[in-house]
Amino acid sequence: MNQGFRFLWTRPFQNVTENMAVFLSRLHHVSLHVSNAEKIANDLVSKFKFDLFAARLTDKSKQFAFRKGAAVFVVNERPSKSSVGLNEGILGLADRYSIDPQRANLEKYKQGNNSLGCLYDLSPLHPVDTVNNVCFEVEDVQRSFKVLRDLGCNFLVPPTTVEDVNGPVTYSVVKSIVGNVCHTLIEKTNYEGVFLPGFDVIEKDWSLGEEDMSCPVTHFDHITYACPRKTTHQVMGWYEKVFGFQRFFIDSNEDVDEGFVINQEGIGLRLTAMEYWKCSKAGIALPFAGKKEPDCKFVIAESLPEQGRNQVDTFLEQHRAPGIQHIGLYTKNIVSTAHTMAEAGVQFSSPPPAYYTQLGKQQEIEEAGHSPQMLAQHGILLDTDLHQDPLSQRASSESKRHLLQVFTKPIFAENTFFLELIERRGATGFGEGNIKALWQSVQAYMENERVDRQEPQGSSKTAQTALS
C-alpha cells in the first residue's frame, strides 16, 4: 500500500561541476503506451510469461509493471475519450490478477491526487500504440539534468521527486533524437521499496521468485531503432555526445562509415550498433559497471533504397515516426522458451525453408547440439561465431561460440513493434550469418499482410523530418 504518497516538483540543483559523468546503474524498465492496457497485459502474462507485479490506477492514469528476470515493461494506457469503458476493463484486469489494494487506492487517488497523470513518464500524443521510453537508473538526477541540459538536451519533465513511506525517488525525462523516443532518468538510491512510489506492489517478493525453467528469460539483450534513411550518423553522434555511447561492430569486416550492410535479394538494410562506455566523461557509464551483469546494446536499422520497400519503411509508415522497432529478450534456453510461448499463442516469423537445408547448415546445427527439425519448428536460427580466440590455432566444436535467434510477429495491431528471443553461447555479436534470414522472415510476413489487406504499394512516407 502506498500510504503517505507525495509528489514534489524539485528545483534543479545549480552547483554542479561541468562535464561530470552521468553514472548509470542499470536499465530500469521500458515503457509502452497503448490504447488497450488490458489486452497487452493479458498477452504479456499469458503468452510471454511475464509476471504482473505492480500497478498504479487513477482516474487519469493506468500503469502496470511486468517483469521477467531483470526485464521490466511498464504498460501505460493512453488517454481516451471512452474513459468509462476503459476503466471497467482495467478494473476487470485488477480482478483477474487479484489486485486488491488498488480498489482502495483508486478512491484515494481520486480524492487527493486528481491532477497526477503518468508518473515516471509522460503520456505521448502519439496516434498508435508505441514503445517509446527506455528508462535508466542513475546515481544523481540533479547532476544528470545539469550536464545534459548544458549539452543542449530537451527535457520533457524536469527533476521531480515522488516519495512514499519507503523513501524518495527523483526522476526526469529527456527527449532523444529518435522520433518519439525519450529516456527517463531515475534516482532511487534512498528508496527501500520494491518498485517505485505511487505503484502498489502485488507480488511482494518478486525479486526473490524462482526462475521459470521452461521460459528462462533473464534480461533485455538489445533495443533496435527503426530510423529514416541517411540518419544513422546523426543518431550515433547524439548518443555519443549525450550518453557517451561508442560503436559496437556487428561484423569484423564492417565498414566504419557504412555499418553492416545487406543489399541483395530484396533486402536493403543498414545496421549499426552502439554500446555504453565505462570511461565516458560527458555521458552515461556502462550498465552494471563493476558487476557481473549484462548490458543492453542499441541497434540502428535503416533501409536502403535499391531493394525496394522493406520492414523498416513499413514501421516508419505505420508507426508514423522513427522509434523502437524491436527488443531482444535474452533467454538461457531459446528452444524451451519458444516452445512454451508458442504453446501459449505467440506467433514467430519463420525464415525461408531453404535456411535449414543450405549447404553445411544442418551439420552446423547438429554440432551445436541441436536438432534442425526442432529449430525449424519455431523458426529459430543458429549462427556460429567464427571469431576465434587469438591464442587458439583452430576452433574445435567444443570451443565454438553460437548465437540462436527468432523474431515474434508484431504484438500491436500495426506492423510495428515485435520481440526477439536470443540465446548467446559465448557469442557477443548479433549473428551476422543470421541477419539476412531473420529480416527476410519479417519481410515475408509483412508482405503477406500487405497483400491480405490489399495495401497499395505506393511510395513510403517515412517521416524523414521526425528525428527531432
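The values are calculated or read from the model by the stated rules, or taken from the named source; none is laboratory data. Values in this document were obtained by computation on a predicted structure and should not be read as measured data. Here the Cβ positions follow ideal geometry from the backbone for every residue, glycine too, while neighbour counts run over all protein chains shown. Remember, those area values only see protein heavy atoms, side chains included, never the ligands or the DNA or RNA. Shrake-Rupley method; radii C 1.70, N 1.55, O 1.52, S 1.80 Å.
Some observations on this one:
- Accessible carbon and sulfur surface of the stretch 136-204 relative to its total accessible area, %, 1.4 Å: 45 percent
- Under-5 Å amide H pairs with Cys182, H placed in peptide plane, nonlocal only: Asn133, Val134, Ser176
- For the stretch 207-254, the share of accessible area belonging to carbon and sulfur comes to 49 percent (1.4 Å probe, ligands and nucleic acids excluded).
- For the stretch 139-280: rounded, prolate or oblate by the Cα gyration tensor [a/c cutoff 1.5]: oblate
- Placing a pseudo-label 7 Å from each Cα along the Cα-to-Cβ vector at Lys241 and Asn154 gives an inter-label distance of 1.4 nm.
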